[in-house]
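Peer 1: The following block contains the structure, expressed as structure tokens.
The numbers here are math on the coordinates, done by the rules we state, and not lab data. Quick caveat, the model's predicted, so the values are computed rather than measured. We place every Cβ from the backbone using ideal geometry, glycine too, and count neighbours over all the protein chains shown.
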Amino acid sequence: MDYDALIVGGGIAGMQSALTLGDMGYRVLLVEKEPSIGGRMILLSKVFPTLDCASCISTPKMATTAHHPNITVMTSADIDGIERDTDGSFIARVRKKSTFVDPTACIGCAECERECTVAIADRFNFDLIASRAIHIAFPQAVPKKAVIASDGISPCTYTCPGGVEAHGYVSLVRAGLYEEAFRLHMKDAPLPGSLSRLCYAPCEKQCTRALAEGKIEIRGAKRFMTDYYYDRHPVPEYGVPADRNGKRVAVVGSGPAGLTAAYFLARNGYAVTIFESAREAGGVLRDATPPYRLPRAVLERDLHNITALGVEIRTRTDVASVADLKAQGFDAVFIAPGTMKAKEIDIPGKDLGGVVDPLTFLKSAIDSKIDLAGKRVAVVGGGSVAVDSARMALRCGAREVDIYYRRSRKEMPAHETDVQAALDEGVKLHELRAPMRFVGEGGRLTAIALQETKLGAPDASKRAAPEPVAGSETEVAAEVVIVAVGLLPGADLFPGEMERRRDGTLVTNKETLATSLVGVYAARNAIIDPTMIIQSIALGKRAAFHMDRYLRGESEPASFDLRLPRVTHEEVLSRNAITTRAPEKMRMLDPLERARSNAEIEVALSEDAVRAETGRCLDCGICSQCHQCVETCPADAIHFDMRPELVSVRVRSTLLATGFQLFDARRKPLYGYGRHANVVTAMQMDRLLAPTRPYNAVLRPSDGKAPSNIAFVLCTGSRDCTVDSRLCSRVCCMYSIKQAQLLMGALPLAEVTIYFMDIRAFGKGYDEFFEQAKGMGVYFVKGRVAKIEETTDGDLLVSHEDISGGAGKTVAQHDLVVLSVGLTANPKAFSILKDANVEADAFNFVREVDEDLEPGRTTMEGVFVAGTAAGIRDIPDTIVHASAAALQVAAYLRTGEVNQ
Amino acid sequence: MSAQKIGVFTCHCGGNISDYVDVQKVCDAAAGTEGCALAKTFLFACSDSSQEEMMEAIRTHQLDGVVIASCSPKLHLETFRVMAHRAGLNPHMYTQVNIREQCSWAHRHDMPKASEKAVRLVRAGIARASLSRPLENIRVETLPAVLVIGAGPAGMRAALALSDLGLTVYVVERAAEVGGRIRALGKLFPSGRPGREIVARLRDQIAGRDNIVVYTNAELVEKSGSAGRFAVKVRAGQETISLKVGAIIAATGFAPYAPQPEEFGFGLPAVVTLPEFNELLTTSRECLRVNGRDVRTIAYVYCVGSRQSEGNQYCSRYCCTAAVHAAIQAHEIDPELNQFHLYRDMRAYGRNELIYEEARQKGSLFLRYDGGEPPTVEREGDGLLVRVRDELSGGDSIEIPADLVVLVTGMVATSNQRLLDVLKLPLSAGGFFNEIHPKLRPVETVIDGVFIAGAAQAPKNLAESVASSMAAAANCSAMLLKGHLDRAPLVAKVSAETCVWCGECVKVCPYAGAIVEVERDGKQVADVVPELCKGCGACAAVCPSAAIELEGYTNAQVTAMIDALAAEVVS
């Protein structure tokens, strides 16, 4: 048996019961869902009728509970379920939520709070002020440990194939921390300059803002921060890692996959050599990416991120075989040859001069080795490579550039923005045209014979298949045709050394990318266009992860992708009331200006624009994982790889101390809570008055003015059948009178009015407390408030019937209204018990079998209830009830002992 | 001064202290005081994290003593003693200085002077701490038995609970029968069960326990000893029984308020109190008859004997609900009845709201009167005439001819001076037993080991009385089940060398047997029985030969404190 009693809920009732049982010698497990014990009471200002400071009463109970030798406290923990075993004991499954902070390491210094870039409403201050995604619940928290609020991984971050923490750098850019944003990116992927120009940005497609006024320019933010960083750091801030491990890795191919693998391996201390057959490094980035998209200087700077780590790139070097590499002393090999050749088109005339493949064309065009002046250039195909080829043809001086595509524009694989940009620049698009043959004279192309097509049934690619239209043949003149109908993987590297698929590509393990040769890994299926480089980066990163494990001799299988579940758009939208703001868009240079120039055509966002844009981020997952806390934590306590932990405990008895819920004042729309800034709840007023008050003064929210005429509306959500809340909440009269007294102390000139139905000052010293408030000058008006309206200056018009004063229906003006919200049942108590023998009463409180003589005993043997979980009570009554309930538990436990 | 290293920690108490006392100034002054090795401030010294930090400081600076300038020792002395202990320090090397109640709260309009006072108090605290020495707690072996005074539902339920946990229980009841007040009451709210049924159930359960002994016609006449080991004498009939118990629960209940003659017509025929009306309800079938007349109209006057500016100022808590509950029963007996309720605030709190709701649905009419303008009740013809100014109908004066007026009377404390003399329990304003703190220690009294339960503490309904009695039982159990109790060793100590046995100390000692005469080295001297001494210091003050010292407050310590407090005045 692990514990004698499980107590669910660490509020004042749970603590009192735990202490009573602990003092009797029973072993208690106290499970609290919040990061601190103390419940609601610790958040109060002073408590009636003695006006003791709530902290002064709660903190010793909290500390004693936490340090009691017989009490184990688990905070940030949920009960997943409690089941009864055959021997009468219970098995409770406790889920310790992942707070991403190791509580044993955290020293509660709150340094992390200061660095956090995500603001959230401070729920421990009832949303009066902001807190941070990483925070210590409140100053007196027990345990005083930071926790990270997270609803899941943000969709943008979650969706990135390369694991780039988009939300993280967006939130850093929002905070003006551009260099930090860049460094975060470098933690995840090494080619931010290229990505910021080329990436198709799947993150943006997942942006929750897209469901409101429009997605955030996440790529634009990356572009800004990268430019900013590269401007200030022409060379990387780091050099070769000091602690090299002596192992050597060969990477074949210097495209994005190879570069990425080399980068991560080099960071881990490996000596990496990249073998590149071309003259210069970069693969697709160098040879197939037009400079108007990716300026060469940005590419060079991106490459520097890798070479600064000591990665050697041997260009113009062919690798004969893997065996040769091993013979050279490499401990592992990563093969990332990239896209090697273009698909051919098998029609008459394909061997004519002037018929070129796009890779050859692009490479020559980028190197400015082609002059197309006066020539008519035809491009066959509809992908990015086709469009880029067409645009480069323009830049090489072509008289006319025409794209022929066998489907219609909307089926084109190229991105629509690129297609439009090409058209703007002067490229002509001819949809539903397929080449039949290339016509030539003297071995050189003069024309293309085309056939019209129409769209038929979907084919294997799920796009409509083009079908030739009989008799539609035409011929168009052209001196050059670029056949860009697809790319093929290199299938001829290292013949015979490794297993291959039928298409010639290497067989690799899907998870690890390992080939059939031990220690040799390969990027499979690396066919890309430049907008897809994040896929290659992902492969390089994955290979580096598994190669590192292999080289360290780790034999346990491990998964590269350990993403936590993502938050859904619906969850985010239900959490936030969204204010829409006009999005900023990246624009391009004027088409006429750009069409014949190799200058970069996309214009970066200004700093103001990028701040405004990132300011629209909804912080979907809450924590952005910007890692600022990780960087600053002096105790190294923050770990984003922390996962929830499930523990099963066996207990002899269970005590429910799950507390109450506050009535949601929005359910009384006529009172205007949530619409009128100066209508607050009593819980907010208690915070305004507490020793740890958020503003260090009582201010009204709309304009920060010290209120001078405050009203309390009693029975908000109590004794009210219109909101299905018939019961009296017992505490609201008294806490309102308490607040009124404290207000008169804090604001000596203020008038305080309490609108009431009956003043229920029934406890010991309560009526005297009520009389004292009257004596201090608090106005008590018998009459229910009908509605509250707002004036233009934020004051409030309270319509009510003045019964005691005899004024009848009347309207009074106040500058701050406090809704004395009631307390209702917390249905949580029932969801945790698997067998439903614990009954609820008509109001969803836990039913006691005999309220008169058996306080705390529920309808299920061995299950007890303490405090407000069994019905609303004030603090003194709760403490007494919790002690009584603990005694019931003790009597039950002892009966079990005696019977054994 | 000794060479002790003292740590001085000053607490902001949120703003409770720092809003009115310059905490940094206090801290700086402490730092400049001889003996102070470390001075720091804390937002909440009592919070867990602050305690951890202080413990760390005690260990790393190898402090010999600690002074915390914060709130009243009544609140946190024990908290910080435990903290000191956890840090490896003898808990009595800790000194608490109260700069909240004594400075920030007392002088909130004069921050400079409040701060100056705080500085001096802290200096005095350092002076005391510098002369402190480690002391060991006095361990008292406890007795596994409890005396429960009063056999109403609270006392009986507490007895059963204690018996459940294996403790022996002696129940002393002044009346000839157990059951207390509810025996005579009819149906009780909210369950509707008759009081006698509840009594019978409890009585039968007690009869089945061999570790509960009930004495009726009995009362407590003598008590000595201290928490954990009391010796008590109970007079039951002619017999006096000596018992040894570890704890005492006083569950002596309440008395119904008895109206003064002519108070709301009391004394007129057909003007009855609520308990009398309850009896009427238990005996009536089909219609209510009073003085041979059928009752057609009832007027209830609320707050009789409660919430009075003269007399009982407190609210009696149970009566509003009890009255509407009674009205429902009356309606069930005779649905044709007209019932008028003249109330001030309908205090049907919590679920009791449903009872109030039901009474309204069953035709009871409610009229609200102002406490300054109470209704009047007069005889008119054969019947009664009640006049009231009703706020709910716009202040109309309303006359209600009634056949029966029920005075909704509250609860008052039972009067039992003899018991009070024996228990020496302090009373609250209404004459009920007073708890130490309504939230921290709601069933404990200033007399260690003596607990209070039920309506003896304040007006309560049945469920509330039972809950509090079980809370008292829980406290007793937690205290006694361990088998021993550690008491603070701050007791008087006699120097046999100096004592001349003049007997002055015995004369002033309020605790019987705490000072005894013994022979030491051939001479008669006084000696202190540590288990019985409460450390009040009265003996030390009167001893003409200064032979008595109070541990923790030695003459040297107190002199040093005075010197530190008054340094500027003297020099």
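Peer 1: Could you list all residues from segment B:183-200 that are within 18 Å of residue B:274 (Cα to Cα) and either more than 12 Å from chain A (Cβ to nearest Cβ) or surrounded by fewer than 21 Cβ atoms within 10 Å (Cβ to Cβ) (or both)? First the steps, then the outcome.
Peer 2: Taking segment B:183-200 and keeping what is within 18 Å of residue B:274 (Cα to Cα), we get B:183-190, B:192-196.
Within segment B:183-200, B:183, B:184, B:185, B:186, B:187, B:190, B:192, B:193, B:194, B:196 qualify.
The rows are residues; the columns are (1) within 27 Å of residue A:796 (Cα to Cα); (2) buried (at least 22 other Cβ atoms within 10 Å of the Cβ).
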| residue | (1), (2) |
| --- | --- |
| A:615 | no, no |
| A:625 | no, yes |
| A:642 | no, no |
| A:669 | yes, no |
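Each row is one residue, and each column tells you yes or no for (1) without any contact (Cβ under 8 Å) to a residue 24 or more places away in the chain; (2) closer than 23 Å to residue A:826 by Cβ; (3) part of a loop (DSSP other than H, G, I, E, B); (4) among the small types (Gly, Ala, Ser).
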{"site": "A:6", "(1), (2), (3), (4)": "no, yes, no, no"}
{"site": "A:38", "(1), (2), (3), (4)": "no, yes, yes, yes"}
{"site": "A:49", "(1), (2), (3), (4)": "no, no, yes, no"}
{"site": "A:55", "(1), (2), (3), (4)": "no, no, no, yes"}
{"site": "A:60", "(1), (2), (3), (4)": "yes, no, no, no"}
{"site": "A:81", "(1), (2), (3), (4)": "no, yes, no, yes"}
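Peer 1: Right, next: Among the residues of segment B:141-178 satisfying the criterion of being in a loop (DSSP other than H, G, I, E, B) and in contact with a Gly (Cβ under 7 Å, 6 or more places away or on another chain), which is surrounded by the fewest Cβ atoms within 10 Å (Cβ to Cβ)?
Peer 2: Residues of segment B:141-178 that are in a loop (DSSP other than H, G, I, E, B), as a first pass: B:142-144, B:150-152, B:165-167, B:173-178.
Keeping just the survivors that are in contact with a Gly (Cβ under 7 Å, 6 or more places away or on another chain) gives B:142-144, B:150-152, B:173.
Working: B:142: 21, B:143: 20, B:144: 17, B:150: 29, B:151: 29, B:152: 29, B:173: 24.
Of everything passing the filter in segment B:141-178, B:144 is surrounded by the fewest Cβ atoms within 10 Å (Cβ to Cβ).
Peer 1: Also, I was wondering about something else. Among the helices (runs of 4 or more DSSP H) confined wholly to segment A:572-689, which include 1 or more residues that are within 29 Å of the chain's Cα centre (by Cα)?
Peer 2: Numbers: elements: A:591-594, A:607-614, A:628-632, A:682-689.
Output list reads A:607-614, A:628-632, A:682-689.
Peer 1: Within segment A:206-243, work out how many residues are assigned to a loop (DSSP other than H, G, I, E, B) and under 24 Å from residue A:154 (Cβ atoms). Don't jump to the end; show me each part of the working.
Peer 2: Here is the first cut: in segment A:206-243, the ones assigned to a loop (DSSP other than H, G, I, E, B) are A:206-207, A:212-217, A:233-243.
Still in the running and under 24 Å from residue A:154 (Cβ atoms): A:206-207, A:212-217.
Going through segment A:206-243 one residue at a time, the tally reaches 8.
Peer 1: Here is a further query. Please determine, by comparing only the residues of segment A:144-163 that are more than 8 Å from the chain's Cα centre (by Cα) and aliphatic (A, V, I, L, M), which one is farthest from residue A:218 (Cα to Cα).
Peer 2: A:146
Peer 1: On to the next question. Could you check, for segment B:396-411, whether at least one of its residues is within 11 Å of another protein chain (Cβ to nearest Cβ), touching a residue at least 40 places away in the same chain (Cβ under 8 Å) and either of a type in the set (D, E, K, R) or surrounded by fewer than 18 Cβ atoms within 10 Å (Cβ to Cβ) (or both)?
Peer 2: Among the residues of segment B:396-411, not one is within 11 Å of another protein chain (Cβ to nearest Cβ), touching a residue at least 40 places away in the same chain (Cβ under 8 Å) and either of a type in the set (D, E, K, R) or surrounded by fewer than 18 Cβ atoms within 10 Å (Cβ to Cβ) (or both), which makes the answer no.
Peer 1: Is it fair to say residue A:94 is assigned to a strand (DSSP E or B), in contact with a helix residue (DSSP H, G or I) (Cβ under 6 Å, 6 or more places away or on another chain) and of a type in the set (A, V, I, L, M)? Please lay out each step first, then the result.
Peer 2: Working: assigned to a strand (DSSP E or B): yes; in contact with a helix residue (DSSP H, G or I) (Cβ under 6 Å, 6 or more places away or on another chain): no; of a type in the set (A, V, I, L, M): yes.
Here the answer is no, as residue A:94 does not meet what is asked.
Peer 1: Tell me the residue from B:199, B:245 that is touching a residue at least 40 places away in the same chain (Cβ under 8 Å) and either of a type in the set (S, T, N, Q) or more than 13 Å from residue B:155 (Cβ to Cβ) (or both), please. Lay out the reasoning, then the answer.
Peer 2: Details: B:199 fails: either of a type in the set (S, T, N, Q) or more than 13 Å from residue B:155 (Cβ to Cβ) (or both).
Being touching a residue at least 40 places away in the same chain (Cβ under 8 Å) and either of a type in the set (S, T, N, Q) or more than 13 Å from residue B:155 (Cβ to Cβ) (or both) holds for just one of B:199, B:245, which is B:245.
Peer 1: While we're here: Residue check, residue B:487 against (1) in contact with a strand residue (DSSP E or B) (Cβ under 9 Å, 6 or more places away or on another chain); (2) at the interface with another protein chain (Cβ under 9 Å from one of its Cβ atoms); (3) over 30 Å from residue B:410 (Cα atoms); (4) of a type in the set (D, E, K, R), all met but one. Which one?
Peer 2: Going through (1) in contact with a strand residue (DSSP E or B) (Cβ under 9 Å, 6 or more places away or on another chain); (2) at the interface with another protein chain (Cβ under 9 Å from one of its Cβ atoms); (3) over 30 Å from residue B:410 (Cα atoms); (4) of a type in the set (D, E, K, R) one by one, residue B:487 breaks only (2).
Peer 1: Another question about this same structure. If you take the residues in segment B:270-307 that are in a loop (DSSP other than H, G, I, E, B) and free of Cβ contacts under 8 Å to residues at least 60 places away in the same chain, which one is farthest from the other protein chains (Cβ to nearest Cβ)?
Peer 2: Only one residue fits best here, namely B:292.
Peer 1: What pairs come up if the first residue lies in segment B:309-328 and is within 13 Å of another protein chain (Cβ to nearest Cβ), the second is of a type in the set (Asp, Glu) and part of a loop (DSSP other than H, G, I, E, B), and their beta carbons are under 9 Å apart, counting only those six or more places apart or on different chains?
Peer 2: Sorted first by the residue in segment B:309-328, then by its partner, the pairs are B:315/B:345; B:320/A:758; B:320/B:345.
Peer 1: Taking only pairs six or more apart or across chains, which ones have beta-carbon atoms under 6 Å, a first residue in segment A:756-771 that is basic (Lys, Arg), and a second residue that is not in a loop (DSSP other than H, G, I, E, B)?
Peer 2: Once the first residue is basic (Lys, Arg) and sits in segment A:756-771, its partners that are not in a loop (DSSP other than H, G, I, E, B) give A:760/A:733.
Peer 1: Could you tell me whether residue B:539 is crowded, with 17+ Cβ neighbours inside 10 Å and either out of contact with any Pro (no Cβ under 8 Å at 6 or more places or on another chain) or over 30 Å from residue B:144 (Cβ atoms) (or both)?
Peer 2: Values: crowded, with 17+ Cβ neighbours inside 10 Å: yes; either out of contact with any Pro (no Cβ under 8 Å at 6 or more places or on another chain) or over 30 Å from residue B:144 (Cβ atoms) (or both): yes.
Yes; evaluated as a whole, the condition is true for this residue.
Peer 1: Having 1 or more residues that are surrounded by fewer than 18 Cβ atoms within 10 Å (Cβ to Cβ) and among the acidic types (Asp, Glu) is the bar; report the helices (runs of 4 or more DSSP H) wholly within segment A:351-438 that clear it.
Peer 2: Working: elements: A:358-366, A:384-395, A:416-425.
In segment A:351-438, A:416-425 are the helices (runs of 4 or more DSSP H) which contain 1 or more residues that are surrounded by fewer than 18 Cβ atoms within 10 Å (Cβ to Cβ) and among the acidic types (Asp, Glu).
Peer 1: For segment A:655-693, enumerate the residues that are within 14 Å of chain B (Cβ to nearest Cβ) and within 28 Å of residue A:830 (Cβ to Cβ). Let's see the steps before the verdict.
Peer 2: Quick first cut of segment A:655-693, residues within 14 Å of chain B (Cβ to nearest Cβ) only: A:655, A:660, A:686-693.
Hits for segment A:655-693 are A:655, A:660.
Peer 1: Regarding residue B:383, is this residue at positive phi, away from chain A (no Cβ under 14 Å), more than 36 Å from the chain's Cα centre (by Cα) and surrounded by fewer than 22 Cβ atoms within 10 Å (Cβ to Cβ)? Walk me through how you get there before you give the answer.
Peer 2: On the way: at positive phi: no; away from chain A (no Cβ under 14 Å): yes; more than 36 Å from the chain's Cα centre (by Cα): yes; surrounded by fewer than 22 Cβ atoms within 10 Å (Cβ to Cβ): yes.
No.
Peer 1: Just one of the numbered conditions (1) part of a loop (DSSP other than H, G, I, E, B); (2) touching a Phe, Trp or Tyr at 6+ places or on another chain (Cβ under 9 Å); (3) of a type outside the set (Asp, Glu) is not true of residue A:135; which one?
Peer 2: (1)
Peer 1: Another question, if that's okay. Please verify whether residue A:722 is within 12 Å of another protein chain (Cβ to nearest Cβ) and either surrounded by fewer than 19 Cβ atoms within 10 Å (Cβ to Cβ) or not hydrophobic (A, V, I, L, M, F, W, C) (or both), treating the condition exactly as stated. Outline the logic, then answer.
Peer 2: Numbers: within 12 Å of another protein chain (Cβ to nearest Cβ): no; either surrounded by fewer than 19 Cβ atoms within 10 Å (Cβ to Cβ) or not hydrophobic (A, V, I, L, M, F, W, C) (or both): yes.
In short, no.
Peer 1: Moving on. So how many residues does segment A:787-816 have that are more than 25 Å from residue A:722 (Cα to Cα), among the acidic types (Asp, Glu) and surrounded by 14 or more Cβ atoms within 10 Å (Cβ to Cβ)?
Peer 2: 2
Peer 1: Any residue that is outside any helix (DSSP H, G or I), in contact with a helix residue (DSSP H, G or I) (Cβ under 6 Å, 6 or more places away or on another chain), of a type outside the set (Asp, Glu) and more than 14 Å from chain A (Cβ to nearest Cβ) - is there at least one of those in segment B:358-371?
Peer 2: yes
Peer 1: May I pose another question? Do any strands (runs of 3 or more DSSP E) lying entirely in segment B:1-116 carry at least 2 residues that are of a type in the set (A, V, I, L, M, F, W, C), in contact with a strand residue (DSSP E or B) (Cβ under 9 Å, 6 or more places away or on another chain) and under 24 Å from residue A:51 (Cα atoms), and which ones are they?
Peer 2: Once the strands (runs of 3 or more DSSP E) in segment B:1-116 are filtered for at least 2 residues that are of a type in the set (A, V, I, L, M, F, W, C), in contact with a strand residue (DSSP E or B) (Cβ under 9 Å, 6 or more places away or on another chain) and under 24 Å from residue A:51 (Cα atoms), what remains is B:65-70.
Peer 1: Return the only residue of B:462, B:481 being touching a residue at least 24 places away in the same chain (Cβ under 8 Å), facing another protein chain (nearest Cβ under 7 Å) and closer than 21 Å to residue B:314 by Cβ. It would help to see each step written out before you state the result.
Peer 2: Details: B:481 fails: closer than 21 Å to residue B:314 by Cβ.
Testing whether each residue is touching a residue at least 24 places away in the same chain (Cβ under 8 Å), facing another protein chain (nearest Cβ under 7 Å) and closer than 21 Å to residue B:314 by Cβ leaves just B:462.
Peer 1: Output the residues belonging to segment B:14-50 that are farther than 19 Å from residue B:82 by Cβ and either among the hydroxyl-bearing types (Ser, Thr, Tyr) or within 14 Å of chain A (Cβ to nearest Cβ) (or both).
Peer 2: The answer is B:14, B:15, B:16, B:17, B:18, B:19, B:20, B:21, B:23, B:33, B:41, B:43.
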